[in-house]
């Protein structure tokens, strides 16, 4: 009797645990089912690279080229801001900071991660947009503004994983380098960072996924213009912000096209996840 | 001066410059955090009053308070946690106590990791097409909670799994030695000892739900009425804040709502942090 009960509990827990896989499968199925038909109809080439997006319920023109470019620019910009800054903070916290400061930084980074994205977007809109407008020109609502704020938003991802992998480098590496007469900086730059590179790589990829997927903050700062941006100071739109803005009222073919945009985003994020996974697996093996 | 000495001096200059940059980066990051929080509080708190918290909005939020959005946030978050916590803790117990590394556990872990990387706008699209449209739940508490539950599931699984793994093995051995079944061991020894860590995960998940916008706006809707049943649509604080700001309804009210939003998420995160620190200390004392 007891043994049977135990076995049932084990089975039930297996089913519960598989809910994660089930959820992922249902999400994938429904997003693709809603978005794939229009991609097939238009052809992936035309959908991805055509920059004319003129939605109508029937017979509109649906090309997400401009949004894809906008997303790429904003994501790259976020990495340019976030990766050096995040890596510096990770090095600081793992190697340079006195104990008390290092125990202060970890919770602070967690708080940074806990701030809702609408707050980031709002502060960007109220503070950074006017600043860019008066000091650098253009409308202020721009690729640059969104990229800077996104760069800050991805800091927690980059810092926490990079710091963990820096701390995981065996002490012998550090001692060896120092014993050979290297300065502390030479040790960090020449030994520790290369030794931690798979973890750092994984953190960059995860940060990239976060920047690419962010929606609300970007909507508030990028200006949502369907033009292809010609400079960093131009307004633009991204794959995510276009979904976020137009889903509220889209119907018919237009809604289908938005789901198709979701398919592209989803596929891209999954590839990034797999890449991050491969990176961290290499770290475990090393 | 020999060549070696010059190189040594150069290395020291390089080190000084690099360290200065690193210190600046760290301080700048802390400054950005402080700036965001203080900026919102400074401009928002003067407009927060007891009446603001306890009255309904008027004229789309131009006047009045935010009570229905506070209730909406609480209801939606509680719903999400009520669904995700049992599933997440169950999955964590399965992964740690009921199985060994196998293709099945690898698939489950991969699923959780992949789910954690899915952007919230995708959850919004999915919740809309699946819960709102396909299952005909409409924009409702139910649709919103279910969508949020899936979104926070990976966080709960990961933190619960970590917490369970820190329970020392001798505890399990003693429990088995006394004749307990595996399930008795889990409920009377493992879960109570892992509780602080599990609660930390749940609190982090609450923080994520409270601040979420993209996944909520397309599943729970934007209705400003007080929700009356599980199928009523509602508007959370984060969604209200977003709408106030982007539609330029009222900057004053936007700042005030933002202040409440940031106080809530900060409190939640500080609480989670405090629990982690306490749990780590307790763990150190034991081992």
When segment A:159-174 is checked residue by residue, the ones that are under 20 Å from residue A:110 (Cα atoms) and either buried (at least 18 other Cβ atoms within 10 Å of the Cβ) or without any contact (Cβ under 8 Å) to a residue 12 or more places away in the chain (or both) are A:159, A:160, A:161, A:162, A:163, A:165, A:166
Can you name every residue in segment A:80-111 that is under 20 Å from the mean Cα position of the chain (by Cα), buried (at least 18 other Cβ atoms within 10 Å of the Cβ) and at pLDDT 95 or above?
A:81, A:82, A:83, A:85, A:86, A:87, A:88, A:89, A:90
Which residue pairs have Cβ atoms closer than 7 Å, lie 6 or more positions apart in sequence or on different chains, and pair a first residue in segment B:93-107 that is within 8 Å of chain A (Cβ to nearest Cβ) with a second residue that is in a loop (DSSP other than H, G, I, E, B) and at pLDDT 90 or above?
none
Conditions: (1) surrounded by fewer than 21 Cβ atoms within 10 Å (Cβ to Cβ); (2) closer than 24 Å to residue A:274 by Cβ. Residue B:135 meets all but one. Number of the miss?
(2)
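So how many residues does segment A:130-155 have that are under 18 Å from residue B:33 (Cα atoms) and more than 8 Å from every other protein chain (Cβ to nearest Cβ)?
Of segment A:130-155, the ones under 18 Å from residue B:33 (Cα atoms) are A:145-155.
When the remaining residues are screened for being more than 8 Å from every other protein chain (Cβ to nearest Cβ), the result is A:145-151, A:153-154.
Qualifying residue count for the region: 9.
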Using beta carbons and a limit of 6 Å, which pairs, at least six apart or on different chains, have the first residue in segment B:24-37 and within 20 Å of residue A:126 (Cα to Cα) and the second one at pLDDT 95 or above and part of a helix (DSSP H, G or I)?
B:29/A:89; B:32/A:152; B:36/A:123
Answer yes or no: is there a residue in segment A:261-284 that is more than 26 Å from residue A:90 (Cβ to Cβ), in contact with a strand residue (DSSP E or B) (Cβ under 7 Å, 6 or more places away or on another chain), more than 10 Å from every other protein chain (Cβ to nearest Cβ) and buried (at least 16 other Cβ atoms within 10 Å of the Cβ).
no
Kindly establish whether residue B:201 is at the interface with chain A (Cβ under 9 Å from one of its Cβ atoms) and either touching a strand residue (DSSP E or B) at 6+ places or on another chain (Cβ under 6 Å) or at pLDDT 90 or above (or both).
no
How about segment B:36-61: which of its residues are surrounded by fewer than 13 Cβ atoms within 10 Å (Cβ to Cβ) and out of contact with any helix residue (DSSP H, G or I) (no Cβ under 7 Å at 6 or more places or on another chain)?
B:38, B:42, B:46, B:49, B:50, B:51, B:58, B:59
Residue check, residue B:238 modelled with pLDDT of 95 or more, within 18 Å of residue A:17 (Cα to Cα), in a helix (DSSP H, G or I) and within 11 Å of another protein chain (Cβ to nearest Cβ):
no
Can you name every residue in segment A:161-172 that is part of a helix (DSSP H, G or I) and closer than 18 Å to residue A:201 by Cβ?
A:161, A:162, A:163, A:164, A:165, A:166, A:167
Hey, residue B:87 hits all of (1) under 22 Å from the mean Cα position of the chain (by Cα); (2) modelled with pLDDT under 95 but one; which does it fall short on?
(2)
Go through segment A:226-260 and give me each residue that's in a loop (DSSP other than H, G, I, E, B) and either buried (at least 20 other Cβ atoms within 10 Å of the Cβ) or without any contact (Cβ under 8 Å) to a residue 40 or more places away in the chain (or both).
A:229, A:230, A:234, A:235, A:237, A:238, A:247, A:248, A:249
Those residues of segment B:208-221 which are assigned to a helix (DSSP H, G or I) and farther than 19 Å from residue B:91 by Cβ amount to B:210, B:211, B:214, B:215, B:216, B:217
Out of B:18, B:31, which single residue is more than 24 Å from residue A:110 (Cα to Cα), part of a helix (DSSP H, G or I) and not assigned by TED's automatic domain parsing to the domain that holds residue B:258?
B:18
What single numbered condition from (1) more than 30 Å from residue A:88 (Cα to Cα); (2) more than 8 Å from every other protein chain (Cβ to nearest Cβ) fails to hold for residue B:27?
(1)
Please indicate, with yes or no, whether at least one residue in segment A:175-191 is under 14 Å from residue A:217 (Cβ atoms), buried (at least 21 other Cβ atoms within 10 Å of the Cβ) and either touching a residue at least 12 places away in the same chain (Cβ under 8 Å) or more than 10 Å from every other protein chain (Cβ to nearest Cβ) (or both).
no
Mind checking which helices (runs of 4 or more DSSP H) fall wholly inside segment A:1-106 and carry at least 2 residues that are touching a residue at least 24 places away in the same chain (Cβ under 8 Å) and within 12 Å of another protein chain (Cβ to nearest Cβ)?
A:2-42, A:65-91
Based on this model, can you work out whether residue A:117 counts as within 12 Å of chain B (Cβ to nearest Cβ), surrounded by 24 or more Cβ atoms within 10 Å (Cβ to Cβ) and under 29 Å from residue A:258 (Cβ atoms)?
yes
Working only within segment B:207-220, note down all residues that are buried (at least 24 other Cβ atoms within 10 Å of the Cβ) and under 12 Å from residue B:272 (Cβ atoms).
B:207
Residues of segment B:62-92 being in contact with a helix residue (DSSP H, G or I) (Cβ under 7 Å, 6 or more places away or on another chain), part of a helix (DSSP H, G or I), more than 12 Å from chain A (Cβ to nearest Cβ) and crowded, with 23+ Cβ neighbours inside 10 Å, which ones?
B:69, B:76, B:77, B:80
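Residues are listed down the side, and each one gets a yes or a no for (1) free of Cβ contacts under 8 Å to residues at least 60 places away in the same chain; (2) outside any loop (DSSP other than H, G, I, E, B); (3) within 8 Å of chain A (Cβ to nearest Cβ); (4) under 24 Å from residue B:143 (Cβ atoms):
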| site | (1), (2), (3), (4) |
| --- | --- |
| B:206 | no, yes, no, yes |
| B:242 | yes, yes, yes, yes |
| B:253 | no, yes, no, no |
| B:256 | no, yes, no, no |
| B:267 | yes, yes, no, no |
For segment B:222-234, which positions are away from chain A (no Cβ under 13 Å) and surrounded by 17 or more Cβ atoms within 10 Å (Cβ to Cβ)?
B:224, B:227, B:232, B:233, B:234
Matching residues, segment B:175-184, being assigned to a helix (DSSP H, G or I) and either out of contact with any helix residue (DSSP H, G or I) (no Cβ under 8 Å at 6 or more places or on another chain) or in contact (Cβ under 8 Å) with a residue 40 or more places away in the chain (or both):
B:177, B:182
Assess whether residue B:114 counts as being within 9 Å of chain A (Cβ to nearest Cβ), assigned to a helix (DSSP H, G or I) and under 14 Å from residue B:158 (Cα atoms).
yes
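The values are calculated or read from the model by the stated rules, or taken from the named source; none is laboratory data. Treat the numbers as computed from the prediction; the structure is a model and nothing was measured. Here the Cβ is made from the backbone with ideal geometry for all residues, glycine too, and neighbour counts use every protein chain on show.
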